[in-house]
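Right, one structure below, let's go through it.
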Amino acid sequence: MTQTLQILPGDGIGPEIVAEAEKVIEWLRGHAGLELHVERDLIGGQAYDAYGVPFADETLEKCRAASAILMGSVGGPQWDGVDYDKRPEAGLLRARSELGLFANLRPALVFDALIDASSLKPEIVRGLDILIVRELTGGVYFGEPRGIETLANGERRGFNTQTYTTSEITRIGRVAFELARKRGNKVHSCEKANVMESGVLWREEITALHAATYADVELEHMYADNCAMQLLRNPSQFDVIVTDNLFGDILSDEAAMLTGSLGMLPSASLGVAGTPGLYEPVHGSAPDIAGLGKANPLATILSLAMALRYSLERGDLADMVEAAVRRVLNDGVRTADIMSTGGREVSTDEMGSAVVAALSAA
Ligand code: NAD
């Protein structure tokens with residue numbers, strides 16, 4: 001059955017980078033047996049301008065009906081004055097929440113050709129391939145009660161609640177163990193069980209899930225602060241890291257920077273099995289370079305590869321796309337953000353074409 005990919009290019013550089021991913025889709029349809037119907041709609045500031053809301057109900061229904069969603073990025077200074085609930089970013093938050101995307105997957109992969117872009121020594125990051133699985137819909141960002149109150153003595157107090165239930169922990173744990181089985185078969189589970197009850201529960205539930213269903217996967221528990229240190233000291237000890245919303249927010253950005261380049265980082269957000277995942281580059285809409293042909297489309301092309309692997313059951317094509325990106329980088333083809341001595345600087349459009357040429361040459 002032909003599957004549908006819902007494309008939401010978004011704002012700023014979004015349409016430019018998504019156009020390059022579409023070239024790759026076109027090639028895969030013509031030459032590699034990909035059966036995929038593509039739909040397009042608006043999100044973010046573009047949607048606000050056209051529909052009056054940053055993520056319309058009709059767009060949500062189209063997303064629900066799709067097998068996967070590929071997004072560019074949202075936001076830009078032209079919408080700074082818009083009400084908070086109609087801002088471009090509110091559209092993305094609504095999409096994540098309505099689609100029940102509770103698992104955020106952020107790979108940190110170091111390409112040999114870009115090893116000098118990392119702020120760490122090459123011998124520390126060579127061959128690095130980490131997947132951070134972050135719980136996305138629970139924890140302290142959503143826990144109640146929350147607020148700012150004035151105390152009897154006139155002082156003000158800000159408070160949030162860190163909360164996790166058994167089912168929230170086990171469903172994200174399952175995602176991590178299942179992914180580890182397809183990779184290096186190792187999971188590090190990170191929390192602060194030494195000082196937080198929610199961390200004690202997290203550790204107990206992950207331990208129980210592991211014993212009941214995933215004893216074949218290597219499991220190690222680690223305090224989140226130690227994980228932050230180990231990511232810099234010895235990052236290659238990690239395969240899959242599973243952690244909560246707050247620690248995942250910080251650890252995934254830290255791991256991303258081991259790779260050195262924002263324009264290279266893909267992501268996936270997944271819900272329960274059988275519902276569409278949302279795939280998008282980690283970076284924003286880069287209004288400073290929008291329309292200049294300078295944006296690096298590789299994070300978006302690598303996000304498409306993740307969609308092929310995790311939602312469209314075409315891991316074989318994902319491997320092909322990732323190999324083509326590696327080949328282009330090995331050949332010295334570079335957008336401005338990853339330019340280095342000896343490289344050949346190209347535009348957004350030329351980078352997309354180079355990936356297609358590498359697919360053809362394979
Ligand atoms: P940004 O990621 O857009 O840009 C940060 C810097 O990195 C800029 O100098 C930009 O030119 C550069 N950059 C980013 N992506 C690049 C690429 N593919 N190729 C080359 N250079 C790239 O972050 P920002 O400037 O803080 O935010 C700009 C807008 O994006 C804001 O409106 C913000 O809210 C939004 N944003 C959206 C998302 C999302 O859609 N998921 C994520 C982050 C920020």
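Some points to look at:
- Taking the stretch 11-37 as the range and being within 16 Å of the ligand (Cβ to nearest atom) and part of a loop (DSSP other than H, G, I, E, B) as the test, the residues that pass are 11, 12, 13.
- Members of the stretch 291-315 found to be more than 15 Å from the chain's Cα centre (by Cα), away from the ligand (no atom under 16 Å from the Cβ) and touching a residue at least 60 places away in the same chain (Cβ under 8 Å), listed by number: 312, 314
- Single residue of 183, 203 found to be touching a residue at least 12 places away in the same chain (Cβ under 8 Å) and within 27 Å of residue 323 (Cβ to Cβ): 183
- Options 50, 65: the member that is at pLDDT 95 or above, surrounded by fewer than 20 Cβ atoms within 10 Å (Cβ to Cβ) and within 22 Å of residue 274 (Cβ to Cβ): 65
- Of all residues in the stretch 212-220, none satisfies being assigned to a helix (DSSP H, G or I) and in contact with an Asp or Glu (Cβ under 7 Å, 6 or more places away or on another chain).
- Of all the residues in the stretch 267-290, those that are within 12 Å of the ligand (Cβ to nearest atom) and either in contact with a Gly (Cβ under 6 Å, 6 or more places away or on another chain) or assigned to a loop (DSSP other than H, G, I, E, B) (or both) number 9.
- Of 249, 253, 239, 225, all but one fail to be within 16 Å of the ligand (Cβ to nearest atom) and over 26 Å from residue 20 (Cα atoms); the exception is 249.
- The stretch 68-101, residues that are more than 12 Å from the chain's Cα centre (by Cα), buried (at least 19 other Cβ atoms within 10 Å of the Cβ), more than 11 Å from the ligand (Cβ to nearest atom) and assigned to a loop (DSSP other than H, G, I, E, B): 99
- Which listed residue, of 169, 148, is in contact with a helix residue (DSSP H, G or I) (Cβ under 9 Å, 6 or more places away or on another chain) and not in a loop (DSSP other than H, G, I, E, B): 169
- Residue within the stretch 146-163 that is within 24 Å of the chain's Cα centre (by Cα) and of a type outside the set (D, E, K, R) present: yes
- Of everything listed in (1) closer than 20 Å to residue 306 by Cα; (2) touching a residue at least 60 places away in the same chain (Cβ under 8 Å); (3) within 14 Å of the ligand (Cβ to nearest atom), the single unmet condition for residue 6 is (3).
The values are calculated or read from the model by the stated rules, or taken from the named source; none is laboratory data. In this text the structure is predicted, and so the values were computed from the model without any measurement. Here Cβ is always computed from backbone atoms with ideal geometry, including for glycine, and neighbour counts include all displayed protein chains.
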